[in-house]
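K.L.:
Sharing a structure, written as C-alpha cells. Questions coming.
The values are calculated or read from the model by the stated rules, or taken from the named source; none is laboratory data. Keep in mind the model is a prediction, meaning the values are calculated, not measured. Virtual Cβ from ideal backbone geometry, glycine too; neighbours counted across all protein chains shown. Heads up: the accessible areas ignore ligands, DNA and RNA and are worked out on the full protein's heavy atoms, side chains in. Shrake-Rupley method; radii C 1.70, N 1.55, O 1.52, S 1.80 Å.
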Amino acid sequence: MKNITLLPADTYIVVNKTVLQEEDRRLLTMLYQPIVGYAAISLYFTLIDDLDEFNRLSNDLNHHHLMSIMQLRLEDIMIAREKLEAVGLLKTYLKKGSVNNYVYLLYSPINANDFFNHPILNIVLYNNIGKKEYDKRVEMFKVPRVRLTDYEDVSHKFNEVFKSSNLKPFEVIEDIEKREEASIILDDMIDFNLLISSIPSGLVSNRCFDKDTKKLINNLALVYNIDTERMSGLVRTSLNEKGLIDKTLLRKNCRNYYSFENVGSLPTLVYQTQPDYLKKPEGDTSKWAKMAYTFENTSPYDYLKSKMKGAEPTKRDLNLIEDLMIDQKLSAGVVNVLISYALKINNQKLNRNYLETIAGQWKRLNIETVEEAMKLTEKEYKKMKKLATNTTKNKTASKKIAKEEILPDWFGKELDTDNTSEKEREELDKIIDSLV
C-alpha cells in the first residue's frame, strides 16, 4: 500500500461515516490545522463538498477533479491525505485494477475536551504553535463555570411529564447515521508480553492491562520515547491499591521522566516542513527550483538523517536544531539550508556557536524563505571561493582566509536582491549541488 502510485485517472468515492456539525469546523481549523497543515484541512472540506445533498455519499470521481478544485499537485494531495489518515479524520480503502478505485471514509474530529487530554495530539499542538497560542486555544474552548451550590435541581423526570401507554415496541433500526470519530492507529511501541511478565503477578489485577490501558501505554511510549524496560518501572510506580494503573499518575510519571532526561523540555513529536505560505510558487523546473523544493518539503530531522546516510541523528544535533527553530524562529526550510551550508563549511560538523551566529544574522535580515537563504549562502560561498584562489599569494593572506572560512564575513551586509544572470545561475547550480 505504501508504494502504490496515485494517478489522476484513479477514481474515488466519499462515504460520510459521521454527522458533521458547525463546531467541527472550528475544531479542524483551530486544533487540527496547526498539526496537519492547511492543505490537509482543505482536502477534508473538499471531500465533504463532494458528498450528495444528503451528505451521505459522493458520485464516482477521479483525482484529476481534486487537482483542479484544489489547484495542487497529486503528490501534495497524497501527502495531505496521509496526514488526515494519521490523525484519524480519514480512512482509505483501495481496490486495484487497470484503474485503481479508492473509497474515502470521513470521520469527525474528536471534541475539544478529548483533544486537550489526548496523549499525542495535545503535545503535538503545543510544540507546533508554542505556549502563547496554545493557551489562547485552551481559553477559546473553555466552558464557563457557574456555581450551583446555593441552587436546587428542580428539573422534571421523564415519567413525571409523560405517561406510559400500550405502544408496541419497534424493531431495532440499523445503519442510522451517528457521529463517529476514528482513532489514531499506531504500531506497537511496547512489547506487552515482556512488560507484563516483568511485573510480579501479585502487584497487578487481572484487569490491569485492558485494551484502553494498553493503548494509553503505547501512546505514552511514542510521545516520550520510552522503551519497554523503562515503561515497566513507570507502570509499577503508577499502580494503585487495587492493582490497577492510575492513568493520571502514569501520564505524570512519563512526563516527569521525559523532562528529567531532556532538561525540562517537552517532546517534539512532529518535525515540521516549510509552511505553505513561505514556499516557492510552482512552475519553475530549474535545478535551483528542484533544490528549493527539497529544502521546503523535508523536515530538518529527515534532512539531517539523510546527511547521515540514514543513521539516527544524535540528541545533541537535534537539540541544537530545535533551539534554532524555537529561539531564532527560523522556518524549517531555512534551517535545512543552514544545516547544508554549515556541514559543507565545517567538514560535516554542526558547531553550536557557528550555527547560532549565522542564525541570529539571518533572523535580523528577516530571512524567511528557502530562496532567500539559498541566495545568501550562495553569495558567501562564492566569496570564500574567491578568497581561496588568492591563498598562494602570501602566508598572511592564507591565514586570513582560514579565519574567514570559520566565520564568514557577512555581517552588516544587505541582502542582494538583484536578478541573477544566466551565467550566475549555472554557477549557482554547481554550488547548490555541492551543498545538498
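K.L.:
Quick one: would you say GLU75 is surrounded by fewer than 19 Cβ atoms within 10 Å (Cβ to Cβ), among the acidic types (Asp, Glu) and under 15 Å from LEU6 (Cβ atoms)?
P.N.:
Yes.
K.L.:
Still on this structure: Could you list all residues from the range 365-387 that are within 27 Å of the chain's Cα centre (by Cα) and either of a type in the set (A, V, I, L, M, F, W, C) or modelled with pLDDT under 85 (or both)?
P.N.:
Those that are within 27 Å of the chain's Cα centre (by Cα) and either of a type in the set (A, V, I, L, M, F, W, C) or modelled with pLDDT under 85 (or both): ASN366, ILE367, GLU368, VAL370, ALA373, MET374.
K.L.:
Are any residues in the range 185-225 under 15 Å from LEU239 (Cβ atoms), assigned to a helix (DSSP H, G or I) and more than 30 Å from the chain's Cα centre (by Cα), and if so, which ones?
P.N.:
Listed by number, the residues that qualify are ILE196, SER201, GLY202, LEU203.
K.L.:
Hey, among ASN253, ASN240, ASN262, which residue is polar (S, T, N, Q) and either at pLDDT below 75 or within 23 Å of the chain's Cα centre (by Cα) (or both)? Please lay out each step first, then the result.
P.N.:
Numbers: ASN253 fails: either at pLDDT below 75 or within 23 Å of the chain's Cα centre (by Cα) (or both); ASN240 fails: either at pLDDT below 75 or within 23 Å of the chain's Cα centre (by Cα) (or both).
After ruling out the rest, the residue left standing is ASN262.
K.L.:
What do you reckon, is LYS91 exposed (fewer than 11 other Cβ atoms within 10 Å of the Cβ), farther than 21 Å from GLN274 by Cα and at pLDDT 90 or above?
P.N.:
Numbers: exposed (fewer than 11 other Cβ atoms within 10 Å of the Cβ): no; farther than 21 Å from GLN274 by Cα: yes; at pLDDT 90 or above: yes.
Answer is no for this residue.
K.L.:
Got at least one residue in the range 337-353 being assigned to a helix (DSSP H, G or I), in contact (Cβ under 8 Å) with a residue 12 or more places away in the chain and over 23 Å from LYS309 (Cα atoms)? Can you show your working first?
P.N.:
Looking only at the range 337-353, we keep the residues that are assigned to a helix (DSSP H, G or I), and these are 337-345, 352-353.
Now narrow it down to the ones that are in contact (Cβ under 8 Å) with a residue 12 or more places away in the chain: 337-345, 352.
Next, from what is left, pick out any that are over 23 Å from LYS309 (Cα atoms): none.
No, there is no match, as no residue in the range 337-353 is assigned to a helix (DSSP H, G or I), in contact (Cβ under 8 Å) with a residue 12 or more places away in the chain and over 23 Å from LYS309 (Cα atoms).
K.L.:
Being modelled with pLDDT under 85, more than 30 Å from TYR107 (Cα to Cα) and among the polar types (S, T, N, Q), is that true of even one residue in the range 181-194?
P.N.:
No, there is no match, as no residue in the range 181-194 is modelled with pLDDT under 85, more than 30 Å from TYR107 (Cα to Cα) and among the polar types (S, T, N, Q).
K.L.:
For the range 115-135, what are the residues that are acidic (Asp, Glu) and in contact with a helix residue (DSSP H, G or I) (Cβ under 9 Å, 6 or more places away or on another chain)?
P.N.:
Filtering the range 115-135 for residues acidic (Asp, Glu) gives 133, 135.
Of everything in the range 115-135, just one residue is acidic (Asp, Glu) and in contact with a helix residue (DSSP H, G or I) (Cβ under 9 Å, 6 or more places away or on another chain), namely GLU133.
K.L.:
For the range 5-24, state whether one or more residues are over 30 Å from ASP135 (Cα atoms) and open to solvent by 80 Å² or more (accessible area, probe 1.4 Å). Reasoning before the result, please.
P.N.:
Pass one, the range 5-24, residues over 30 Å from ASP135 (Cα atoms): 5-17.
If we keep only those that are open to solvent by 80 Å² or more (accessible area, probe 1.4 Å) too, we end up with 5, 7.
Yes, the conditions are met somewhere in the range 5-24.
K.L.:
If you don't mind, there's one more thing I want to ask. Name the single residue, out of those in the range 233-258 being open to solvent by less than 10 Å² (accessible area, probe 1.4 Å), part of a helix (DSSP H, G or I) and not β-branched (Val, Ile, Thr), that is farthest from ASN206 (Cα to Cα).
P.N.:
We begin by selecting, within the range 233-258, every residue open to solvent by less than 10 Å² (accessible area, probe 1.4 Å); these are 235, 238, 243, 250, 254.
Add one more test, that the residue is part of a helix (DSSP H, G or I), and what stays is 235, 250, 254.
With the extra rule that they be not β-branched (Val, Ile, Thr), the set shrinks to 250, 254.
Working: LEU250: 18, CYS254: 23 Å.
Of everything passing the filter in the range 233-258, CYS254 is farthest from ASN206 (Cα to Cα).
K.L.:
Can you find, within the range 81-102, the residue that is farthest from THR11 (Cα to Cα) among those that are within 25 Å of the chain's Cα centre (by Cα) and β-branched (Val, Ile, Thr)?
P.N.:
VAL87
K.L.:
Further question: If I ask for residues that are in contact with a Ser or Thr (Cβ under 9 Å, 6 or more places away or on another chain) and either modelled with pLDDT of 65 or more or loosely packed, with under 10 Cβ neighbours inside 10 Å (or both), which ones from the range 165-180 would you list?
P.N.:
LYS178, ARG179, GLU180
K.L.:
I'd like to verify a number: residues in the range 25-37 that are closer than 15 Å to ALA86 by Cβ and open to solvent by less than 40 Å² (accessible area, probe 1.4 Å), how many?
P.N.:
7
K.L.:
Scan the range 38-45 and give yes if some residue there is part of a loop (DSSP other than H, G, I, E, B) and open to solvent by 30 Å² or more (accessible area, probe 1.4 Å), otherwise no. Full working, then the answer.
P.N.:
First, pick out the residues of the range 38-45 that are part of a loop (DSSP other than H, G, I, E, B): none.
Scanning the range 38-45, I find no residue that is part of a loop (DSSP other than H, G, I, E, B) and open to solvent by 30 Å² or more (accessible area, probe 1.4 Å), so the answer is no.
K.L.:
Just to be sure, is LEU320 closer than 26 Å to ASN366 by Cβ, touching an Asp or Glu at 6+ places or on another chain (Cβ under 8 Å) and modelled with pLDDT of 75 or more?
P.N.:
Against the criterion (closer than 26 Å to ASN366 by Cβ, touching an Asp or Glu at 6+ places or on another chain (Cβ under 8 Å) and modelled with pLDDT of 75 or more), LEU320 does not qualify.
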